[in-house]
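Here's the structure we're looking at; comments come further down.
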């Protein structure tokens, strides 16, 4: 007859905590399924947009996502930073650069990871991305 050996609740909790901590430390934000959206998805240079992301890993040392826009000519501009919610989502209201080249550009959201050796947050993993089409230069509002 085989006897089951019961583990004490305290030992189980310690084992669970260590296993979870190790898996979170080793995994990267890239292992999460991050998704990015931009509304609207097209407009003239200088357009206001809402960028929203989900599927990010909330990390206490690096709780912000950095958002950039790369235009059709390959020029990259920072659009700002957004604080991640505990559920891995964020929202950012910003503007496409006023001097962005017409054509299909890309909004990128990088989630940095903590580098304990240098005690700072660094972008080491590929960003989530979403397209934005710049339809032309900023419209003259006085016309």
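Which number in (1) more than 19 Å from residue 131 (Cα to Cα); (2) out of contact with any helix residue (DSSP H, G or I) (no Cβ under 8 Å at 6 or more places or on another chain); (3) modelled with pLDDT of 55 or more marks the one condition that residue 76 misses? Unmet condition: (1). Among the residues of the range 46-75, not one is touching a strand residue (DSSP E or B) at 6+ places or on another chain (Cβ under 9 Å), free of Cβ contacts under 8 Å to residues at least 24 places away in the same chain and over 24 Å from residue 33 (Cβ atoms).
The values are calculated or read from the model by the stated rules, or taken from the named source; none is laboratory data. All of these numbers come straight from a predicted model, not from anything done at the bench. Because the Cβ atoms are built from the backbone with ideal geometry, glycine has one as well, and the counts that use them run over all protein chains shown.
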